[in-house]
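Taking it in order: structure first as structure tokens, then the write-up.
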Amino acid sequence: MVSTLRNNNIFGVFDDEDLFIAAMKKMEKAGIRIKNVFTPYPIEDVFNILGLKTRMPYTAFIYATIGVMLTYAFLYWTSVIDYPVIIGGKPTNTLAFVVILFVMTINGGIVMSLFTFFIIQKLGPGKPARVVHKDITDDKYVIVIEKTEEMSNEETQRINSALFENGAIEIGEKENVETI
Amino acid sequence: MDKAYTVSPGLRILSICLVVIGIAAFVAGFMFDPQRAWANYLIDSYYFILLSIGASFFLAIQYITQSGWSSMFNRVPEAMGSYITYAGVLMLIFVIFGSHSVYHWTHHDAVEADVLLQHKSPYLNMPFFIVRFVIIFCAWIFFMILLRRLSVKQDIVGGLTYFHKSEFYSKVFIFVLALTFSLGTFDWIMSIDAHWFSTLFVFKNFLSAFLHGSAVVALIIILLHQQGYYPKLNKAHLHDFSKYMFILGIMWAYMWFAQYLLIWYSNMPEETVYYQTRISHEWSVLFYGNVVLNWLFPFLFLMLNKIAKNKYALIFTAAVLMVGMWIDLYVQIMPGSTMSEAAPVGLNSIGFVEIGAFLGFLGIFIFAVSRTLSKVNLIPEKHPYLEESLMHKSH
């Protein structure tokens with residue numbers, strides 16, 4: 001590393017979802033690589049336009065299966081092997097497990113997915129929040145483009161004008177923005 | 001765009017052939033075992049009543065939530081709802097001639113020997129039964145025709161007047177449906193086992209109607225799409241239909257299991273006897289197969305995103321659900337109405353009468369739905385949300 005730029009990311013702020021989506025499409029088409037986007041709520045189009053891939057649905061399914069198996073093992077151990085109590089003549093390996101299994105399937109899937117997500121995104125307690133723009137949790141949509149060191153002034157200018165032409169209401173620079 | 005649906009001669013011949021098979025099956029059935037034939041008659045007429053009710057509930061929900069995505073397809077649930085008139089006539093034949101063969105409580109000597117049936121007789125008696133039947137079907141036919149008329153008028157006049165009216169009467173309709181459907185199901189299905197009762201029974205059957213009704217709505221739309229109608233049908237619509245099947249399948253299984261678990265838990269002989277007959281011997285295959293077909297299969301199959309948007313996968317799922325629904329009703333109706341006779345029935349007794357009877361009713365259903373579909377324009381052109389439906393995309 002020879003030198004680091006202080007402001008190494010360009011961001012554009014949009015106040016309309018449709019404009020934001022159209023801008024993303026046009027910039028991808030023009031060959032400008034979008035580094036990250038921030039929206040107040042999930043938008044599936046972002047996923048399609050940026051061509052993102054995720055294995056989270058599959059992991060969620062596996063976690064749910066693990067959750068149901070662990071819970072069944074626990075219930076089987078406690079109420080069949082270790083401390084069987086016969087209530088009203090019902091079998092100890094009982095249908096009443098299903099209610100707990102049902103809940104723990106969901107719980108296992110959610111909790112383990114949550115921690116996986118934390119690990120992937122390197123989130124954790126005590127991590128400082130790097131907010132690109134203060135309105136991303138309010139009603140604004142932000143596109144972030146990385147400004148590399150070898151980028152010439154013309155290229156930077158091109159990115160700025162592309163953002164401006166596509167309806168960005170505010171354009172600025174910001175350091176330390178993570179990739180998706 | 002303004003393509004009206006025309007019934008192809010092949011489809012008309014098919015429906016007539018199916019009806020002929022059905023008539024043959026019933027003739028054979030009445031000659032050898034009238035009780036079994038009447039029980040089959042009840043299964044199949046109730047089957048298509050459920051589809052009709054489910055589809056019209058689907059339509060009402062679309063109006064009430066002001067859904068845009070489905071507005072292009074409104075004609076299909078309307079056409080399925082209009083089958084209820086045919087269903088009324090078919091069911092009336094059963095109520096008048098077939099009740100005695102299926103319902104234990106219609107036998108005077110049985111009632112006299114049975115304290116519980118005597119206790120229930122102020123409600124469960126033939127005249128009041130027929131009165132309830134007439135009221136229920138009048139209400140249903142009235143609302144189906146009303147919703148259909150408002151929709152057709154809107155296509156001529158345009159604007160929002162008839163749209164708001166449709167929404168208002170849909171709201172009235174679902175309240176009326178809640179009451180009439182409960183009473184109807186109590187009367188026609190639950191009173192077969194007159195000693196037994198379950199408060200979740202109606203809700204489970206209603207979810208069955210909604211689940212299978214929406215599945216058949218999707219099936220008909222995809223089949224029409226295959227023939228060149230609804231050119232604007234896209235992956236987003238298909239995904240929405242598969243969401244209906246997926247989520248309602250879970251709801252259905254939830255209710256099925258809730259009813260089973262409560263009875264299993266309390267373990268009272270007068271309640272468990274219902275499940276005892278159904279869970280033992282050859283019935284057990286159908287009993288568990290019911291859950292596999294109606295919940296487990298769609299649940300695992302439609303979970304995959306690519307499959308949930310594939311029209312062939314949806315056709316297959318809807319077909320499986322239709323089979324599953326028939327088995328569901330077979331398990332509900334058959335043991336109570338025919339087990340008292342010498343020979344117990346179950347999986348091995350599904351024969352020509354059962355299949356032929358179903359095909360016969362299917363023929364009438366196809367005939368009625370295709371006839372109503374061909375009457376007016378297939379796409380409601382002046383629906384206020386039509387644009388949204390045509391441009392629908394995933395988000």
Where B:Thr199 falls short, out of the listed (1) in a helix (DSSP H, G or I); (2) of a type in the set (Val, Ile, Thr); (3) surrounded by fewer than 21 Cβ atoms within 10 Å (Cβ to Cβ)
(1)
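Every residue, every condition in (1) more than 13 Å from every other protein chain (Cβ to nearest Cβ); (2) touching a His at 6+ places or on another chain (Cβ under 9 Å); (3) not in a helix (DSSP H, G or I), yes or no:
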residue	(1), (2), (3)
A:Thr54	no, no, yes
A:Ile81	yes, no, no
A:Pro84	yes, no, yes
A:Gly88	no, no, yes
A:Met104	yes, no, no
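To keep it simple, each residue is scored yes or no on (1) of a type in the set (Gly, Ala, Ser); (2) over 30 Å from B:Ile263 (Cα atoms); (3) in contact with a Phe, Trp or Tyr (Cβ under 7 Å, 6 or more places away or on another chain).
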{"residue": "A:Phe47", "(1), (2), (3)": "no, yes, no"}
{"residue": "A:Leu75", "(1), (2), (3)": "no, no, yes"}
{"residue": "A:Pro91", "(1), (2), (3)": "no, no, no"}
{"residue": "A:Leu95", "(1), (2), (3)": "no, no, yes"}
{"residue": "A:Glu146", "(1), (2), (3)": "no, yes, no"}
{"residue": "A:Glu155", "(1), (2), (3)": "no, yes, no"}
Inspect all residues belonging to the stretch B:255-268 and state whether any of them is on the phi < 0 side of the Ramachandran plot, in a helix (DSSP H, G or I) and away from chain A (no Cβ under 14 Å).
no
Output for the stretch A:56-79, where each listed residue is within 30 Å of A:Lys25 (Cβ to Cβ) and either at pLDDT 90 or above or within 11 Å of another protein chain (Cβ to nearest Cβ) (or both)
A:Pro57, A:Tyr58, A:Thr59, A:Ala60
Go through the residues of the stretch B:91-104 one by one and say whether even a single one is in contact (Cβ under 8 Å) with a residue 24 or more places away in the chain and within 24 Å of B:Leu219 (Cα to Cα).
no
Single residue of the stretch A:18-44 satisfying the filter (within 14 Å of chain B (Cβ to nearest Cβ) and under 14 Å from the mean Cα position of the chain (by Cα)) that is farthest from B:Leu302 (Cα to Cα):
A:Thr39
Pick out the one residue from A:Leu95, A:Leu70 that is surrounded by 12 or more Cβ atoms within 10 Å (Cβ to Cβ) and assigned to a helix (DSSP H, G or I).
A:Leu70
Which condition does A:Lys140 not pass, out of (1) at pLDDT 80 or above; (2) basic (Lys, Arg); (3) farther than 19 Å from A:Asp15 by Cα, if it passes all the others?
(3)
How many residues are crowded, with 19+ Cβ neighbours inside 10 Å and in contact with a His (Cβ under 8 Å, 6 or more places away or on another chain) if we restrict to the stretch B:230-253?
2
Return the total of residues in the stretch A:26-52 being more than 24 Å from A:Phe118 (Cβ to Cβ) and touching a His at 6+ places or on another chain (Cβ under 9 Å).
1
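For every residue, the table says whether it meets (1) more than 21 Å from A:Met24 (Cα to Cα); (2) not assigned by TED's automatic domain parsing to the domain that holds A:Ile32.
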position: A:Ile136; (1), (2): no, no
position: A:Asn153; (1), (2): yes, no
position: A:Ile159; (1), (2): no, no
position: A:Glu178; (1), (2): no, yes
Among the residues of the stretch A:123-141, write down those that are touching a residue at least 40 places away in the same chain (Cβ under 8 Å) and either exposed (fewer than 13 other Cβ atoms within 10 Å of the Cβ) or of a type in the set (A, V, I, L, M, F, W, C) (or both).
A:Arg130, A:Val132, A:Ile136, A:Thr137, A:Asp138, A:Asp139
Please work out which one of (1) modelled with pLDDT of 90 or more; (2) touching a helix residue (DSSP H, G or I) at 6+ places or on another chain (Cβ under 6 Å); (3) not hydroxyl-bearing (Ser, Thr, Tyr) is the condition B:Ala258 fails and give its number.
(2)
Checking B:Thr272, B:Thr277 in turn, the sole residue that is over 27 Å from B:Ala55 (Cβ atoms) and within 14 Å of chain A (Cβ to nearest Cβ) turns out to be B:Thr272
When the stretch B:280-330 is checked residue by residue, the ones that are within 14 Å of another protein chain (Cβ to nearest Cβ) and among the basic types (Lys, Arg) are B:Lys306, B:Lys309
Test A:Val80 against the stated conditions and say whether it is more than 21 Å from B:Leu302 (Cα to Cα) and out of contact with any strand residue (DSSP E or B) (no Cβ under 7 Å at 6 or more places or on another chain).
yes
Over the stretch B:65-93, the set of residues in a helix (DSSP H, G or I) and more than 19 Å from B:Ala139 (Cα to Cα) is B:Ser71, B:Met72, B:Phe73, B:Arg75, B:Val76
So, B:Lys393, is that one more than 14 Å from chain A (Cβ to nearest Cβ) and assigned to a loop (DSSP other than H, G, I, E, B) or not?
no
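The values are calculated or read from the model by the stated rules, or taken from the named source; none is laboratory data. Values in this document were obtained by computation on a predicted structure and should not be read as measured data. Methodologically, a virtual Cβ is constructed for each residue, glycine included, from the backbone with ideal geometry; neighbour enumeration extends over all protein chains shown.
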